[in-house]
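A quick write-up on the structure given underneath.
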Amino acid sequence: MNKILNIRNEELPVRTNVERHDREVLSELLGRALASTYVLYHKTHAFHWNVTGPLFYAVHNLTDAQYKDMAEAVDQIAERVRAIGFPTPIGLSRYARESMVEDVLEFPDTGTMVQQLARDHQTLAEQLREIVKVAEDADDVYTADLLTSRIGFHEESAWMLNALIVQ
């Protein structure tokens, strides 16, 4: 077989001030954050498609913006794993298993949908906050900055969702 076509997706050589061991740990943590982000992306998109009732327009539009943002974030997180030298984890079953966001198989009522999504955004923000600490300790300022921005998105998303159903 042609050598060009026989290349495997393995660790890449990276020249950085971040130690290899720290990059490896960060790649594993980022892989789990990728899994959580992917599951929340899918859950948000599925709820977006299936929301009904008096909050339809508000939830439909809010989740539209949120799932589109998370689609970009999935790519950014995956590419960061590659940029620090390691393969990006693959497999939907792996993502579901490693995600801190719980997958769903049935659609709850709209109020429960919104509560679940708000809780999931907060859970993901907390997961990312822990990874930021590791990135800062490793002096990986780019990863810390990327995830800090994501924390802001998830906390704002939780706030907006909760504001829809406050009583």
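Considering segment 104-129 alone, what residues qualify as being in contact (Cβ under 8 Å) with a residue 40 or more places away in the chain and touching a His at 6+ places or on another chain (Cβ under 6 Å)?
HIS121, LEU124
Taking the conditions exactly as written (small (Gly, Ala, Ser) and more than 20 Å from the chain's Cα centre (by Cα)), does ALA58 satisfy them or not?
Yes; evaluated as a whole, the condition is true for this residue.
Could you list, in sequence order, the residues of segment 26-53 that are among the hydrophobic types (A, V, I, L, M, F, W, C) and part of a helix (DSSP H, G or I)?
Selection gives LEU26, LEU29, LEU30, ALA33, LEU34, ALA35, VAL39, LEU40, ALA46, PHE47, TRP49.
Quick test for you: out of SER36, SER99, SER27, pick the one residue that is surrounded by 20 or more Cβ atoms within 10 Å (Cβ to Cβ), touching a residue at least 24 places away in the same chain (Cβ under 8 Å) and more than 13 Å from the chain's Cα centre (by Cα).
After ruling out the rest, the residue left standing is SER27.
For a quick check of your reading of the model, give me the residue pairs whose first member lies in segment 1-22 and is modelled with pLDDT under 80, whose second is assigned to a helix (DSSP H, G or I), with beta-carbon atoms closer than 8 Å and at least 6 apart or on different chains.
Listed by first residue and then by second, the contacts come to LEU12/ARG82.
For segment 113-166, enumerate the residues that are surrounded by fewer than 22 Cβ atoms within 10 Å (Cβ to Cβ) and acidic (Asp, Glu).
Passing the criteria: GLU126, GLU130, GLU136, ASP137, ASP139, ASP145, GLU155, GLU156.
Give all pairs with beta carbons closer than 9 Å in which a residue from segment 130-156 that is in contact (Cβ under 8 Å) with a residue 60 or more places away in the chain meets a residue that is assigned to a helix (DSSP H, G or I) and of a type in the set (S, T, N, Q); count only pairs at least 6 apart in sequence or on separate chains.
Sorted first by the residue in segment 130-156, then by its partner, the pairs are ILE131/THR143; VAL134/THR143; ALA135/THR143; LEU146/GLN76; ARG150/THR37; ARG150/GLN76; PHE153/GLN66.
Which of the residues that make up segment 64-84 are surrounded by fewer than 19 Cβ atoms within 10 Å (Cβ to Cβ) and in a loop (DSSP other than H, G, I, E, B)?
Selection gives nothing.
Mind checking which pairs have a first residue in segment 73-86 that is under 17 Å from LEU12 (Cβ atoms) and a second that is acidic (Asp, Glu) and in a loop (DSSP other than H, G, I, E, B), Cβ under 7 Å, 6 or more apart or different chains?
GLY85/GLU11; PHE86/GLU11
The values are calculated or read from the model by the stated rules, or taken from the named source; none is laboratory data. All of these numbers come straight from a predicted model, not from anything done at the bench. Don't worry about glycine lacking a Cβ; one is built from the backbone with ideal geometry, like all the others, and counts go over all protein chains shown.
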